[in-house]
Structure formats: structure tokens, C-alpha cells
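Bear in mind these aren't lab numbers, they're just calculated from the coordinates by the rules spelled out. None of the values given here were measured: they were computed from a predicted structure. Ideal geometry is used to build each Cβ from the backbone, glycine not excepted, and the neighbour counts take in all protein chains shown.
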Amino acid sequence: MFFPVFTLGLALSLGLIVAIGAQNAFVLRQGLRREHVGSVVLFCAMADAVLITAGVMGMAKALGESPALARALALAGAAFLAFYGLQALHRARQAQQLQAAEGGMGLSRWAAIAQAAAFTLLNPHVYLDTVLLVGSIGAQQPVQLRWWFVMGAGTASMLWFGLLGFGARWLAPWFARPRAWQVLDGLIGLTMWVLAALLVRHGINAS
């Protein structure tokens with residue numbers, strides 16, 4: 001019974017986190033340099049988990065007090081995911097690549113964590129993704145299954161950042177290929193549309 005909810009959290013979080021951006025480029029850079037990789041990966045994954053948990057728990061209280069708000073957020077979330085999926089499919093038609101230079105001065109462990117914190121917490125988009133969107137969708141799951149949703153979303157972050165950091169030397173040539181990102185964005189776009197359809201159904205059934 002928990003598996004669909006766990007998978008929902010996993011798929012949603014992966015779809016939102018896998019993108020070309022400063023945070024991913026920094027984790028890839030640290031992986032290429034083999035410099036404090038574990039600390040950086042752990043910080044990024046834990047930061048996501050804390051924000052998602054805060055979102056789910058906080059949104060659960062708000063949604064419990066207002067069923068109308070739950071329906072509205074379900075439909076708004078569906079619209080956002082549909083738009084996000086359209087953006088991903090648009091990116092799939094363009095050539096993009098993720099690169100991280102290996103040069104430059106080495107960082108101390110705390111300096112690396114500080115940079116990871118800046119790339120993670122100073123990005124307003126991360127709060128929209130984790131606290132508002134993922135939090136509101138997680139809060140609409142059955143009470144006894146919400147932690148499975150959080151675990152699924154947290155697992156996605158750990159898997160992705162772990163793959164980027166510890167698999168950097170193997171993955172860097174792959175990430176530098178625009179075609180690889182086109183395929184990935186195509187899959188993300190389709191996944192987001194499926195999740196949007198599920199949210200629409202949830203919003204309609206809750207009416």
C-alpha cells in the first residue's frame with residue numbers, strides 16, 4: 001500500500017531536481033575533484049529532506065483546516081507540473097550540457113559546505129519546489145502514508161546527488177553530451193504530465 005506513495009515522492013522529486021543548474025554543477029565539480037564529496041552530497045540531500053518534511057507537515061495542517069484549499073492546491077500543482085513538463089519537453093528540443101571545470105583552488109570542508117548551502121538555500125526556486133509544491137502534494141496523501149512520501153522524495157535527492165558526486169568522473173562525459181540531456185528532459189516532461197493528470201484526478205475526486 002505504501003509503494004505508490006513512495007514512488008510518487010521519488011518520481012516527483014527526481015523530476016524537479018534533475019536539471020542543469022548551479023547546485024548540480026557544483027556537486028559535479030566536487031566529484032571531479034574528489035574533494036569533500038560525501039559532505040557536499042550529504043548536505044544537499046539533507047537540506048532537501050528537511051525542506052520537504054517542513055513543507056509536508058506545515059501544508060498538512062493548513063490543508064486539514066481547509067478542504068477547499070486542498071482542492072485548489074491540487075489543481076494549481078497540476079497546472080505547475082504540466083507547465084514544468086512542457087518546459088522540459090521544450091528543452092529536449094534544444095542542445096544543452098552540464099559542465100564543471102576541474103581547475104581552481106581547493107576548498108576546505110567547511111568552505112565547500114558553505115558553497116553548497118549558498119547554491120541550495122539562496123535559490124528561491126528550491127522553496128517553491130520543496131516546501132510549496134512537493135509539500136502540498138505530500139500533505140494530500142493519507143496521514144499514515146505521508147512519511148513514505150517524504151522518504152521517497154528524500155531518497156530521490158540522495159540518489160541524484162550521490163550519483164553526481166561519487167559518479168562524477170564516469171558521468172561527466174555523459175553530462176557533456178547534449179543528446180543525453182535531451183533524452184532525460186523528454187522523460188522528465190512525460191513524467192511531469194503523468195503526475196499532473198493524477199493531481200487533476202485527485203482534485204476532481206476531492207470535490
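Numbers below:
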| quantity | calculated |
| --- | --- |
| For the chain, alpha-carbon Rg over 2.2 N^0.38 Å | 1.05 |
| Test item: Cα-centred dipole of the chain, Lys/Arg +1 and Asp/Glu -1 on Cβ, debye | 300 debye |
| Within segment 2-31, chymotrypsin sites (Phe, Trp or Tyr not before Pro) in DSSP loop having at most 15 other beta-carbon neighbours inside 10 Å | Phe2 |
| Gain in span if fully extended, Arg109 to Met1, counting 0.36 nm per residue against the direct Cα distance | 34.7 nm |
| Span-rule helices in the chain, defined as complete DSSP H runs reaching 27 Å or more along the axis (Cα) with Kyte mean at least -1.0 | 37-65, 67-91, 146-166, 178-205 |
| Under 15 Å, Cβ to Cβ, from Phe166 - net charge with Lys/Arg +1 and Asp/Glu -1 | +3 |
| The chain: relative contact order in percent, alpha carbon pairs under 8 Å with at least 6 residues between | 49 percent |
| Cβ-based net charge around Ala153, under 14 Å, with every Lys or Arg adding one and every Asp or Glu removing one | -1 |
| Inter-centroid distance (Cα atoms) of segment 138-201 relative to segment 46-94, Å | 14 Å |
